[in-house]
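> A single structure is presented below for examination.
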Amino acid sequence: MLQVQGLKKHFGKLEVLNGIDIDIHKGEVVAVIGPSGSGKSTFIRCLNRLEEPTDGKIIFEGQQINTKKTNIDLIRRKIGMVFQNFNLFRNMTILQNITASPINVKHMPKEEAEELALRLLDRVGLKDKAQEYPVRLSGGQQQRVAIARALAMEPDILLFDEPTSALDPEMVGEVLNVMKELAEEGMTMIVVTHEMGFAREVSDRVIFIDKGIIQEENEPEEFFTNPKNERLREFLNKVL
Ligand code: ADP
Ligand code: MG
């Protein structure tokens, strides 16, 4: 579904990504871990062109998407993103947050978009919050809305950038549960996370990014029980 070849991203002299190569298959859940500042966010932001890669190729469903000709709107429709800080529109109700893109970008009729939004809200356990504003919801609820909003565009792949890092501990589980259900339903997902339990339980593959490259990648059991890279060992010793 997604092939990343020799991806580099430099901010001026700062070389954040120095050649990332990875293939993501349909239905796969890939967890991305690594130290703070190692380029995890930059990596997934390059995948839907929130950042412009400096070099390398991103090929999505057979088509290179980091070219001048690429229709970025189309890419953003198919590659959904969930952010650490939810990024809901504060001046819109929950329902409006979810229907905005289907209506404005996909030109879906309003009624149909609202039906879809209510179905998605039901799926994340928040149907009764449709008419509320984001500020009235807890962080965990806001993040579940953000997931519903991403799903409303019917993306082929969902990118998550530390979706539970801004949450109070008691709310982490409700968001991870929604993500776990999505994974079980076959959604293709790339998840930057510090939740090692989630990475181990839910992902099909874990990658460790450090110093601008993928230092290690493996299926979760082997990744966590038998890490080979020295820096990964140090990292796991600190976080586990
Ligand atoms: P991570 O998500 O792994 O914590 P980031 O991808 O956010 O790491 O950042 C990697 C490095 O790139 C950091 O040194 C950060 O300061 C730098 N960086 C990120 N975004 C920008 C930007 N827009 N301009 C300049 N430097 C940036
Ligand atoms: Mg980050």
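The values are calculated or read from the model by the stated rules, or taken from the named source; none is laboratory data. No experiment lies behind these values; they were computed from the predicted model shown. In this analysis, Cβ positions are derived from the backbone assuming ideal geometry, glycine residues included, and neighbour counts consider all displayed protein chains. Accessible surface is based on the protein model in full, side chains and every heavy atom, while ligands, DNA and RNA are left aside. Shrake-Rupley method; radii C 1.70, N 1.55, O 1.52, S 1.80 Å.
> Applying the selection to the stretch 150-174, what residues are assigned to a helix (DSSP H, G or I) and over 13 Å from the mean Cα position of the chain (by Cα)?
PRO169, GLU170, MET171, VAL172, GLY173, GLU174
> Another question, then. Pull out all pairs, ordered by first then second residue, where Cβ-Cβ is under 9 Å, the residues are six or more apart or on different chains, the first lies in the stretch 199-214 and is under 16 Å from LYS26 (Cα atoms) and free of Cβ contacts under 8 Å to residues at least 24 places away in the same chain, and the second is open to solvent by 60 Å² or more (accessible area, probe 1.4 Å) and part of a strand (DSSP E or B).
Filtered contacts from the stretch 199-214: no entries.
> Residue check: is SER138 closer than 16 Å to PHE86 by Cα and in contact (Cβ under 8 Å) with a residue 40 or more places away in the chain?
Against the criterion (closer than 16 Å to PHE86 by Cα and in contact (Cβ under 8 Å) with a residue 40 or more places away in the chain), SER138 does not qualify.
> Considering (1) under 17 Å from the mean Cα position of the chain (by Cα); (2) within 16 Å of ligand 1 (Cβ to nearest atom); (3) assigned to a strand (DSSP E or B), say which one SER41 fails and leave the rest.
(3)
> Could you identify the single residue in PRO35, PRO53, PRO109 that is surrounded by fewer than 22 Cβ atoms within 10 Å (Cβ to Cβ) and in contact with a strand residue (DSSP E or B) (Cβ under 7 Å, 6 or more places away or on another chain)?
PRO35
> Give the number of residues within the stretch 106-140 that are among the polar types (S, T, N, Q) and within 11 Å of GLN96 (Cα to Cα).
Adding up the residues that qualify gives 1.
> OK, next. Mind listing whichever residues of the stretch 215-240 are closer than 19 Å to PRO169 by Cβ and touching a residue at least 40 places away in the same chain (Cβ under 8 Å)?
Answer for the stretch 215-240, where residues must be closer than 19 Å to PRO169 by Cβ and touching a residue at least 40 places away in the same chain (Cβ under 8 Å): VAL239, LEU240.
> Can you tell me which residues in the stretch 203-237 are open to solvent by less than 20 Å² (accessible area, probe 1.4 Å) and either within 22 Å of GLU154 (Cβ to Cβ) or in a strand (DSSP E or B) (or both)?
Once the filter is applied, which keeps residues that are open to solvent by less than 20 Å² (accessible area, probe 1.4 Å) and either within 22 Å of GLU154 (Cβ to Cβ) or in a strand (DSSP E or B) (or both), the stretch 203-237 yields VAL206, ILE207, PHE208, ILE209, ASP210, GLU216.
> Keeping to the stretch 56-94, report how many residues are open to solvent by 60 Å² or more (accessible area, probe 1.4 Å) and part of a helix (DSSP H, G or I).
Residues in the stretch 56-94 being open to solvent by 60 Å² or more (accessible area, probe 1.4 Å) and part of a helix (DSSP H, G or I): 5 in total.
> Right, ASN177: in contact (Cβ under 8 Å) with a residue 12 or more places away in the chain and either part of a loop (DSSP other than H, G, I, E, B) or under 28 Å from LEU2 (Cβ atoms) (or both) or not?
Answer is no for this residue.
> Right, next: Consider ALA117 against the criteria (1) crowded, with 17+ Cβ neighbours inside 10 Å; (2) within 17 Å of the chain's Cα centre (by Cα): it satisfies all of them except one. Which criterion is unmet?
Status for ALA117: all satisfied but (2).
> Quick check on the stretch 111-133. Is at least one of its residues within 16 Å of ligand 2 (Cβ to nearest atom), over 24 Å from LYS78 (Cα atoms) and of a type in the set (Gly, Ala, Ser)?
The answer is no; no qualifying residue exists.
> To continue, here is another question. Only one of GLU115, GLU111, GLU61, GLU51 is in contact (Cβ under 8 Å) with a residue 60 or more places away in the chain and of a type in the set (D, E, K, R); which?
Matching residue, one of GLU115, GLU111, GLU61, GLU51: GLU61.
> Considering the stretch 120-136 alone, what residues qualify as being among the charged types (D, E, K, R) and loosely packed, with under 13 Cβ neighbours inside 10 Å?
The answer is ASP128, ARG136.
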